[in-house]
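The values are calculated or read from the model by the stated rules, or taken from the named source; none is laboratory data. What you are looking at is a predicted structure, and each value in this text was computed from that prediction instead of being measured. FYI the Cβ positions are ideal-geometry reconstructions off the backbone, even for glycines, and counts take in every protein chain you see. Surface areas here come from the heavy atoms of the whole protein model, side chains and all, with no ligands, DNA or RNA. Shrake-Rupley method; radii C 1.70, N 1.55, O 1.52, S 1.80 Å.
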Amino acid sequence: MSEVEKLPKKMIKLKWNDKDLEVPEGTNLLGAALNNGIKVAHYCYHPGLAVAGVCRMCMVEQQGVPRPFPACNAVVAEGIQVRNDTKQIKDAVEWTLQFHLLNHPLDCPICDQAGECGLQDYYMKHGQYDSAMIDKKVHKKKVQDIGCDVVLDAERCILCARCTRFVDDVTKTHELGIVNRGDHAEISVQKELHNDYAQNLVDICPVGALTSKDFRFKQRVWFLEDVESTCIGCETGCSVKISQNKSGAYRVRPIVDSEVNGFWMCDDGRKIYKHLSTPGRLVGPMVFKNSMFLPVAESEIKEKIKSKNIKFILSAGLSNEEYQSFFKEFKNIKNITLYQLPKTGAEFDGILKRADKNCNLRGAQKAFKLAGADSSEEAMKKMLDTLTSQDALFVVMPEIVYDHDNYASFLSKIKKAGLRVALTTDDMRSEFSDFHFLLPVPTFLEKEGHIINYQNKERKLNKGRSYGASDRNVGDWAHLFH
Amino acid sequence: MILNKELYRHHGHLKGLFIALRITIKTMIMNLTGMEKRMTINYPEEKYFYSDRFKGRHVLTVKEDGTLRCTSCMLCATYCPADCIHIIASNNDDPSVEKAPVSFEIELLRCVFCGFCEEACPVDAIRLTGEYEMAGHSEQEWVMDQHYLAYRPLLSGGKGIVSTVDDHNRLKLRL
């Protein structure tokens, strides 16, 4: 941070309609209004992108300026008086919206954006209802798969250029552009999308032109409720919201968080919801019998582990509270180590993604240190090498695995233990046939807690709907040993 | 309960009975000779046909090529006060269709026949018909899937009810 940025910014007073605003110097005029809770119609303005000024929806009048101008293309100045509630501005917005809708297809019944669409929202407020269009609509290509699980419908596009600015400014991969003129202008895909942040395009598209192939037609958005939580995909710990309802979890989207992730999140993080509501979620303890997992009474597991030497391998994806309760409950057990997911990909890709995929490694190390246990990889390897048939090995499974080869080699090493029990959320992974018993533990969305990210910052995990047995976390299974 | 107590008090019970029977016998003769229209019909040999406004068993209409008109927009399921419509949408390979239901089920036992689904539908894909005869034993018999809703033998011999509502305008305006 340079010296200039450190200085507190001068506050500037201005008037928007009849409301007095006080914002730091250099703020965007539209941004100043939106940050102060004033609702202004806009499509192309996005606080995380460069200003384009193409949608013409945020027109305002300023005292002393002869013509209306778009607020997103202006910067606040001391004492200016801005209005957007005059008849002239209302007319301008109505006609602009009609222009946007001239060639827009009536796809709302089959469009995934319906329910959170900018066109629908502003049409209710600024719509003219009777179309002045007498010509046929211009048709463009629908359902284009443009790579990275993004589907483009050129007809629905209103050419706000948010997506082209995103691939130019944020990912700098330049896959998209706008070609042709007038009503023939459309988004052209110069090359297939090939960046790790492509799903953000779906979020920032104010209409249904870019939709996600993964979420496509699974649910209507008004059936979903958002739970705010933290991404467990890597050590960055982005703020995210997970959309879910009683039939399952469906998508993950970023929350604006200036301290950690800004406006975006990576495509790997979008997949963290997949194991939440799989049909294989455990509803109780299971035993591997006749080459499948069957429900079993807890007393049977208790009987089996009685005379064994208990050993534990924890994952680096539990919350701080879970580590705490675990070490409190398992005070007597000395053989506890930590399985860390190996680093995958570049150390830091320059935007958000980091190679360390353990979302709470720092929290785990802290808890291990406090309890006097060794959290290093060497300790785990040593434990794996010294396993005997007299051991009962409990493994807390990582929720998300990226490097499957490393994971498979880890699982092949534990076979020396006489009795193997996995604490996991679901039985979908075929590797689990190496285990004798499965015990259910909650997923990251089924528990309250905190994790520590790469900045040593505490991030909150929130509780959403539950799709399996989630009332017992790792520490609560201690009653099996008494 | 004796309706006309005065009559019996005045004439005594036996005489009163015959006086009261007069109207029964009169109506019987009128009905048998066809001098007066009967209020009842010989159901099930004769059937009563309700007007088109009657809200009975649902129908999914089909396009001219015989496929379902439903685009699985879920507006009926959203609007349904009884929560009895269950739709699973899927991708259709035809870009002019794009979205179509793989499963469309209505639980008749839950349905209150309010007709909100018919009103909510933007493409005239669901209608409530004059079919009022419904009987069944197990609960499964009351769940109608899309094959039954659209192609049951009663509907043009299994071909379904073709709807072209708005199609003409749609094509003309190319909406």
Residue that is farthest from A:Q244 (Cα to Cα) [pool: residues in segment A:177-222 that are more than 23 Å from the chain's Cα centre (by Cα) and open to solvent by less than 20 Å² (accessible area, probe 1.4 Å)]
A:A185
Of the residues A:K246, A:K271, which is open to solvent by 70 Å² or more (accessible area, probe 1.4 Å) and more than 14 Å from every other protein chain (Cβ to nearest Cβ)?
A:K271
Assuming B:L155 fulfils every condition listed in (1) loosely packed, with under 15 Cβ neighbours inside 10 Å; (2) away from chain A (no Cβ under 14 Å) apart from one, which condition is it?
(1)
When segment A:32-51 is examined, which residues are found to be open to solvent by less than 40 Å² (accessible area, probe 1.4 Å) and in contact with a helix residue (DSSP H, G or I) (Cβ under 8 Å, 6 or more places away or on another chain)?
A:A33, A:V40, A:A41, A:H42, A:Y43, A:C44, A:Y45, A:H46, A:G48, A:L49
Residues within segment A:459-482 that are modelled with pLDDT of 90 or more, surrounded by 15 or more Cβ atoms within 10 Å (Cβ to Cβ) and not in a loop (DSSP other than H, G, I, E, B), tallied
2
Which residues, counting only those in segment A:230-263, are in contact with a helix residue (DSSP H, G or I) (Cβ under 6 Å, 6 or more places away or on another chain) and of a type in the set (S, T, N, Q)?
A:N245
Among the listed residues B:A82, B:A150, B:A135, B:A125, identify the single one that is within 14 Å of another protein chain (Cβ to nearest Cβ) and among the aliphatic types (A, V, I, L, M).
B:A125
Can you run down the residue pairs with Cβ atoms below 6 Å, 6 or more apart or on separate chains, where the first is in segment B:137-159 and hydrophobic (A, V, I, L, M, F, W, C) and the partner is open to solvent by 40 Å² or more (accessible area, probe 1.4 Å)?
B:W142/B:L109; B:V143/B:E105; B:V143/B:E107; B:L155/B:I161
Take segment A:202-216 and flag every residue that is of a type outside the set (G, A, S) and within 14 Å of another protein chain (Cβ to nearest Cβ).
A:T211, A:K213, A:D214, A:F215, A:R216
All but one of (1) open to solvent by 30 Å² or more (accessible area, probe 1.4 Å); (2) outside any loop (DSSP other than H, G, I, E, B) hold for B:D52; which doesn't?
(2)
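Scan segment A:373-386 residue by residue and report those that are in a loop (DSSP other than H, G, I, E, B) and either closer than 21 Å to A:N358 by Cα or open to solvent by 90 Å² or more (accessible area, probe 1.4 Å) (or both).
Passing the criteria: A:A373, A:D374, A:S375, A:S376.
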Among what's in segment B:32-48 and is at pLDDT 85 or above and farther than 23 Å from B:T129 by Cα, pick the residue that is most open to solvent (accessible area, probe 1.4 Å).
B:L32
What single numbered condition from (1) free of Cβ contacts under 8 Å to residues at least 40 places away in the same chain; (2) over 27 Å from A:I255 (Cα atoms); (3) open to solvent by less than 40 Å² (accessible area, probe 1.4 Å) fails to hold for A:N103?
(1)
Of all residues in segment A:110-158, which are loosely packed, with under 14 Cβ neighbours inside 10 Å and among the basic types (K, R)?
A:K125, A:K136, A:K141
For segment B:55-74: of the residues being among the polar types (S, T, N, Q) and open to solvent by less than 20 Å² (accessible area, probe 1.4 Å), which is farthest from A:C108 (Cα to Cα)?
B:T61
From the residues in segment B:99-142 that are within 16 Å of the chain's Cα centre (by Cα) and of a type in the set (S, T, Y), which one is surrounded by the most Cβ atoms within 10 Å (Cβ to Cβ)?
B:T129
The one condition A:E322 fails out of (1) open to solvent by less than 20 Å² (accessible area, probe 1.4 Å); (2) without any contact (Cβ under 8 Å) to a residue 12 or more places away in the chain is (2)
Taking A:E448, is it over 20 Å from A:M292 (Cα atoms), open to solvent by 50 Å² or more (accessible area, probe 1.4 Å) and not basic (K, R)?
yes
Matching entry among A:D385, A:D374, A:D356 (being touching a strand residue (DSSP E or B) at 6+ places or on another chain (Cβ under 9 Å) and in the same structural domain as A:K311 (by TED's automatic domain parsing)):
A:D374
Only one of (1) open to solvent by 30 Å² or more (accessible area, probe 1.4 Å); (2) in a strand (DSSP E or B) does not apply to A:I313, and that is (1)
